[in-house]
Each structure stands twice: as C-alpha cells, then as structure tokens.
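Notes follow once the structure below has been shown.
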C-alpha cells in the first residue's frame, strides 16, 4: 500500500523532535514507521485506514458522550436515600461548596477538552476523506493537538473506581450506564487519536482543496 | 556533532512544535499552521525550574491540609491524602492504597526529581546518559495526569455524600493545592525542551552513538 499524498512544492524534511537530527522525508508504506537514524525515536508513521478510523471512532465517542450526560455514573443507596452521580453533578457540587476552581477543573478536563478534541477530529478528518479541508481546519487541528495532554477521561474513570471502594463501606453502590459509556468514550478516543500520525494529518491538510 | 548527522538548528531550520513542518526559522511563523517558530523553546530551563519551584511549594501544604472534611452524625473529621491512603491500607484494600500512593505521593515527587535531573543534564551539571534521558522525559510527560485522580475522588465524594445530618462531605483547601501541583508539573513538563539534552551531548568529545543506526523502513 502506498503513502499518503504529500505536498510536492519543495524538498521535504523532518527533524527528530527529540534530538533535532534532520532527515529527508521519504514516503513509508502503510503500517510502517520512519525512525530517527540518530536516537531511534519515531519520526512519523503511516497508519492503516487512518482517516476512516479517526472519523468512525470519534463519531462513536461523541455519541457515547451524550449517554454519559444522560445516565448516572454511580447510584448509591444509603439509609433510605438514593443519590446519583453525574459528571456535571460532581462539578456543580464542588462549585456550590466553595471550591469553584476544582469544579471548573473537572468540567475542563473531563467534559470540555474531550468534547473539543472529539469534535475537532470529526471536523478536520471527515472532509479530508474526500480530499477537502473544512474552513478553519488548520486552526482547529492546531488547538486539537495543544489540548491533547489535558484530556483526563481515563483518570476520572480511575477516580470513580477509587470512590466506589471508599463508599462500599457506608453504602450500597451500583455502576450506572454513564460509567460504561464513559469507559467507551475513553477507548474510542484513545483509538481515534492513535489512528492518525500528526505528520500525515498535516500533510493531508496542506494538499487538501478548501 | 557525529559525522553524517545534520541538525536542523545548524541549518537555521526549525521544526514546528504543532505540525512538525521543517521551515526556515527566519519566517517567524510556520507556513503551514501559523505557530511561532523557534530553534529551541525560549527560556525552557528557567520556565521549567520556576514552575517546579511553585509545584514544590504547593506539594507540602497539599499533603498537610485536609482534602475533604467529613461530617458524620455530627462528628467532624478532616481527611488528608496520606490519611485516606492509610485507612485503605489498614482496612486491607491494598491495591487501592497502592494506587493512591502512586498517583498522589510518588508521581508528583518522581516528576519533580526527574525534571530537576533533566534540567541539570541540559545545563551540563550532570553527565547525561542519553538512552535513559529519553525514557525519563517520556515517563514524566505520560504520568503527570494520573495524579488528578484524587481531585476527581473529592468531586465524586462531595457530590454523592450530601445526606444531611447522616453524612456530609465538603472539599478542603488541600485539594486545591494538590490540583495546583498537578497542573504546574504538567506545564513544567510541557515547557521542557528535550533537544537541549542532545545539544549538550554534541558539545562533549567522543561520545559513542547512543543507539545503533536504524534505516528508514
């Protein structure tokens, strides 16, 4: 299988992001990667069916994200009282208890950043499948990569498990659909992000027709 | 510089930090995505060290101050991160105790130590062992976010435990300090410039190649 379409206006170089060694960019076959000749770090790689996979997994993640906000994560029964945990519920509880910054952090890291990354991937990679770039796609892609380290979906899931252990002593707790949907969001997002190499995405954006 | 390898910076070429495009640094902005071009991240070591100093300053109060306050049947107890971990350990929930210990105590400390060591290596104060440096930087970048787990636990507990007189949990100042530690160390890792480590290595005479040459596959 062949490489992705590359811009042909001048000789292409890549520099290793770790040791800064300059390489001439050569096309790599699907499923293969180019490594730095000096330090061995991966320069870029050609993922199989990258655009289709990114778009499909991002769409799945977006649908699951809706379920996350409709159904509770945990349901707790304690002394005739029943309480449900939702993502936004946890954030608003912190805000009403005078910890506004922590509430904002939860919304940011588990709702806003993931949703922005997911919709960004759909917006950028969907039109790229037919060789088009959506208006402002480069700006969207730029922010997508900048926000990536701040996506903490999987960390929140670990937090739910730890809370479950803490609560097991005082109450009866059940997993809700929201928990499983959020686990799905985590898996779909991880697969989507890993489906396309940064170099490929930007090369495709550069040659795409507006 | 090892013969046969040319550095992008020596040719006045900058690798865009956002899209990876290699372009003349004199252009100022990346021709593809518009990000500011630098040969190296500006004032990287100073920024990293400053952020880490702030993180270390917050690390101590984050473990001394309560992260949440539990009111159970009129009885008030203040919970710290270490206290929560100890109670899991005593009740026999060893896996959870180990998770909390790793995420909240070990990772921030290891991150602060590793980044200090990387900064020392980048300024030539310690002799770098290049095969390890890469792995250390990769680990610090990867692990940082997991420390947030305790903040999320506080959010979940506060949200669920609003049972009036029976049991009410309110967040404490320690949680805010700890969130500060996590965010600051994450920014510190992002502002570090790993290429400085290799620049330092090039200045040392007769350093063997760190890894065997791999052909482009």
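The values are calculated or read from the model by the stated rules, or taken from the named source; none is laboratory data. Quick caveat, the model's predicted, so the values are computed rather than measured. Positions of Cβ are generated from backbone atoms using ideal geometry, with glycine treated the same way; all protein chains shown enter the neighbour counts.
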Requested in this report: Look at residue B:139 and say whether it is within 28 Å of residue A:100 (Cβ to Cβ) and in contact with a helix residue (DSSP H, G or I) (Cβ under 8 Å, 6 or more places away or on another chain).
Outcome: no
Report task. Please tell me if residue B:5 is in contact with a strand residue (DSSP E or B) (Cβ under 7 Å, 6 or more places away or on another chain) and surrounded by 16 or more Cβ atoms within 10 Å (Cβ to Cβ). Result -> yes
Report summary line: Those residues of the range B:138-153 which are at pLDDT 90 or above and more than 7 Å from every other protein chain (Cβ to nearest Cβ) amount to B:147, B:150
Report summary line: Counted residues in the range A:170-189 being without any contact (Cβ under 8 Å) to a residue 40 or more places away in the chain and within 17 Å of residue A:111 (Cβ to Cβ) come to 2
Requested in this report: State whether the residues of the range B:177-200 include one that is at pLDDT below 90, part of a loop (DSSP other than H, G, I, E, B) and within 7 Å of another protein chain (Cβ to nearest Cβ).
Outcome: yes
Report task. For the range A:147-180, name all the residues that are closer than 18 Å to residue A:89 by Cα, away from chain B (no Cβ under 11 Å) and surrounded by fewer than 20 Cβ atoms within 10 Å (Cβ to Cβ). Result -> A:174, A:175, A:176, A:177, A:180
Query raised in the report: Pick from B:42, B:61, B:95: which is within 12 Å of chain A (Cβ to nearest Cβ) and surrounded by fewer than 20 Cβ atoms within 10 Å (Cβ to Cβ)?
Result: B:95
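Would you point out the residue of the range A:102-123, among those that are farther than 24 Å from residue A:60 by Cα and surrounded by 16 or more Cβ atoms within 10 Å (Cβ to Cβ), that is nearest to the chain's Cα centre (by Cα)? Break it down stepwise before answering.
We begin by selecting, within the range A:102-123, every residue farther than 24 Å from residue A:60 by Cα; these are A:102-105.
After this cut, where a residue has to be surrounded by 16 or more Cβ atoms within 10 Å (Cβ to Cβ) as well, the list is A:102-103, A:105.
Working: A:102: 22, A:103: 21, A:105: 17 Å.
Ranking the qualifying residues of the range A:102-123, first place goes to A:105.
Yes or no, residue by residue, for (1) in contact with a helix residue (DSSP H, G or I) (Cβ under 8 Å, 6 or more places away or on another chain); (2) not in a helix (DSSP H, G or I); (3) not assigned by TED's automatic domain parsing to the domain that holds residue B:197:
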| site | (1), (2), (3) |
| --- | --- |
| B:32 | yes, yes, yes |
| B:60 | no, no, no |
| B:77 | no, yes, no |
| B:85 | yes, no, no |
Report task. Consider residue A:107 carefully, then state whether it is more than 11 Å from chain B (Cβ to nearest Cβ) and either closer than 30 Å to residue B:158 by Cα or touching a helix residue (DSSP H, G or I) at 6+ places or on another chain (Cβ under 9 Å) (or both). Result -> no
